[in-house]
Every structure is written in C-alpha cells, then in structure tokens.
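The values are calculated or read from the model by the stated rules, or taken from the named source; none is laboratory data. Remember, it's a predicted structure, so these values are computed and weren't measured experimentally. With ideal geometry, Cβ positions are generated from the backbone for all residues, glycine too; neighbour counts draw on all protein chains shown.
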Amino acid sequence: MTNIPSAFHVPHAAVLRQPGKKCTDIANEPIKKVKKAQMQAVLDNNQHLSPSVQTRLKTIFNGIFRLALENDLINVDYSRYLEKNATAKQTSRSIFTHSEIKCLWKNLELTLPLADGSRHHYNDVRLVDTVLIMLYSGIRIGELLEIQTVHIDLKKQIIDLHGTKTKAAHRILPLHKDIVPLVAARMHGKYLIETENGQPIIYDTYKKRFFNLLMSTLKMQHKPHDCRHTFISGMDSCGISAGSVILKRIVGHANADVTESYTHKNIRQLLTAINKLKY
C-alpha cells in the first residue's frame with residue numbers, strides 16, 4: 001500500500017475524497033480517472049460564490065494531485081491546467097450610513113436573547129457595543145471574539161491582537177477614543193466578548209443568533225464584515241487612504257509593512273490616525 005497521509009483518503013483505492021458538498025460529483029471517482037474537465041466543472045459550478053472559494057478548491061486539487069503524482073498513482077497532474085473563472089461574483093459590501101451608526105449609539109443598551117444553538121439560551125444580552133467597536137476599529141469579527149482582556153492596555157489605548165489570518169493580523173490595534181469606554185466596560189472577564197458563564201462566543205452564534213437579529217430589529221441590512229468595510233471607507237474619507245501603510249497596519253492587511261517594531265512613536269501615530277475618524 002502506498003504510504004499517503006490519510007487526510008487525503010487516496011491510498012490503495014486512489015479515490016478523490018475531499019470533504020464538502022462542492023466535490024460531490026467526483027468524490028468517489030478513482031483519481032486516475034479524474035480529468036481536467038471534471039475539476040474545471042467543479043470550479044465553474046461555484047463561480048456564483050466568492051473568488052476565494054475557487055482559489056481554495058484549486059488549492060485542494062493541486063495538493064491532492066501533487067501527492068498522487070509523487071507516489072506514482074497518476075502520470076499527469078491535470079490540476080495544473082485549472083482556471084479560475086474571472087467572472088466569479090464578488091461579495092457585495094454595504095457601508096453603514098451615518099444615520100445607522102447614530103441609531104446604534106442610541107440603542108447601545110438594547111437587549112436581545114442569544115442562543116448558542118444548543119440548550120443554552122441567554123436573555124438580556126447587550127452586544128450592540130460590539131458592532132460599534134468593529135465600526136471604529138476595522139477589526140475582523142473573528143479577531144474581536146478571540147480577544148482576551150489580558151491583551152488590552154487601556155492606559156495606552158491599544159489591544160495586542162494575536163490574529164492568525166495573516167502575518168500582519170498579529171498587530172497592535174489602536175483604540176478610537178469613542179470606543180475606549182465600551183472596551184473598558186467589558187474588562188471583567190477572561191474574554192472581552194463572552195457569555196454570562198465566561199465562555200467565548202463563536203462566530204456562527206454571534207452572526208446567526210445576534211447580529212442578524214439586531215439588523216432585523218433595527219431594520220438594517222448588513223453583514224459583520226460591512227463594519228470593517230465601513231471603517232476603511234471612513235478612514236479614507238478622513239484623509240487616511242486605504243492604500244497607506246498606517247491604515248494597512250491598523251486593519252492588518254497582509255501587504256502592510258510589519259517589519260518595524262511598535263515603538264511609542266508608532267503607537268502615537270496609530271492613535272492620531274484612528275482618532276481622525278468621524279462618522
């Protein structure tokens with residue numbers, strides 16, 4: 001039997017079994033029989049989703065076929081010839097309006113139930129402030145939900161983010177003066193955002209069982225990532241361009257210059273920049 005990592009599920013039977021419904025049509029096909037046309041069809045059938053979906057599928061095929069080629073299970077790597085559809089639908093983003101942001105401030109004490117999908121159900125949960133924190137920082141929702149209070153320095157008005165999305169995701173996040181009180185009010189547990197029993201809130205629970213409910217209650221139509229998009233647009237309107245190094249450092253874009261250490265001067269520059277934001 002060829003020694004191939006079990007995660008690929010191709011040893012001996014040499015069958016392409018990649019988890020996920022997107023590859024169902026060729027999941028049980030012997031890898032020797034999988035041709036370019038079949039894989040290309042998988043990519044094309046998912047062109048209505050974001051371009052990153054096609055990228056991930058192509059990466060999966062490349063990895064599996066490279067491994068199969070190295071172990072003499074195939075003679076030709078057809079995955080090399082796959083093409084991502086250039087007309088793939090871009091994810092639409094909607095910027096929060098000034099009136100919507102004002103509405104969020106007015107409803108800061110709004111309470112909503114929060115169910116985590118199991119038997120647990122929390123009443124009178126106040127999470128409107130989390131939306132405002134995202135709007136005034138550009139932080140990704142996944143990053144926000146993982147913040148531990150030990151990484152927050154209220155005196156310096158910064159958060160030491162330990163992001164893993166990219167190298168630049170691990171960064172110092174300056175706190176806009178308007179949200180410092182919101183962050184300070186949450187400095188009582190291990191996590192900045194947590195349930196009443198001290199557990200972190202996962203993304204799906206936050207989005208499906210709070211954020212979507214909040215948007216419906218306030219008659220808004222947004223996704224969590226719209227907060228980040230709104231922040232970048234707002235900073236650009238205030239003179240901190242989306243292409244500037246300082247904004248890339250704040251939001252953690254992969255092409256930001258992260259080689260320079262965060263000195264007191266750096267932090268002052270970040271705070272000066274972010275406090276220019278006015279909605």
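Among the conditions (1) in a loop (DSSP other than H, G, I, E, B); (2) at pLDDT 90 or above; (3) crowded, with 19+ Cβ neighbours inside 10 Å, the only one that V258 does not satisfy is (2).
Would you point out the residue of region 175-196, among those that are modelled with pLDDT under 90 and out of contact with any His (no Cβ under 8 Å at 6 or more places or on another chain), that is nearest to I158 (Cα to Cα)? If we take residues in region 175-196 being modelled with pLDDT under 90 and out of contact with any His (no Cβ under 8 Å at 6 or more places or on another chain), then E194 is nearest to I158 (Cα to Cα). For a quick check of your reading of the model, give me the residue pairs whose first member lies in region 120-140 and is over 14 Å from G252 (Cα atoms) and outside the structural domain of G234 (by TED's automatic domain parsing), whose second is surrounded by fewer than 21 Cβ atoms within 10 Å (Cβ to Cβ) and at pLDDT below 95, with beta-carbon atoms closer than 8 Å and at least 6 apart or on different chains. Pairs that qualify, where the first residue is over 14 Å from G252 (Cα atoms) and outside the structural domain of G234 (by TED's automatic domain parsing) and the partner is surrounded by fewer than 21 Cβ atoms within 10 Å (Cβ to Cβ) and at pLDDT below 95: there are none. No other residue among A37, A68 is at pLDDT 85 or above, more than 24 Å from the chain's Cα centre (by Cα), exposed (fewer than 13 other Cβ atoms within 10 Å of the Cβ) and not in a loop (DSSP other than H, G, I, E, B) apart from A37.
When you go through K208, K190 one by one, which is the residue that is within 16 Å of L145 (Cβ to Cβ), surrounded by fewer than 16 Cβ atoms within 10 Å (Cβ to Cβ) and either over 18 Å from the mean Cα position of the chain (by Cα) or not basic (K, R) (or both)? Unique residue meeting the criteria: K190. How many residues does region 95-112 contain that are of a type in the set (F, W, Y) and assigned to a helix (DSSP H, G or I)? Number of matching residues: 1.
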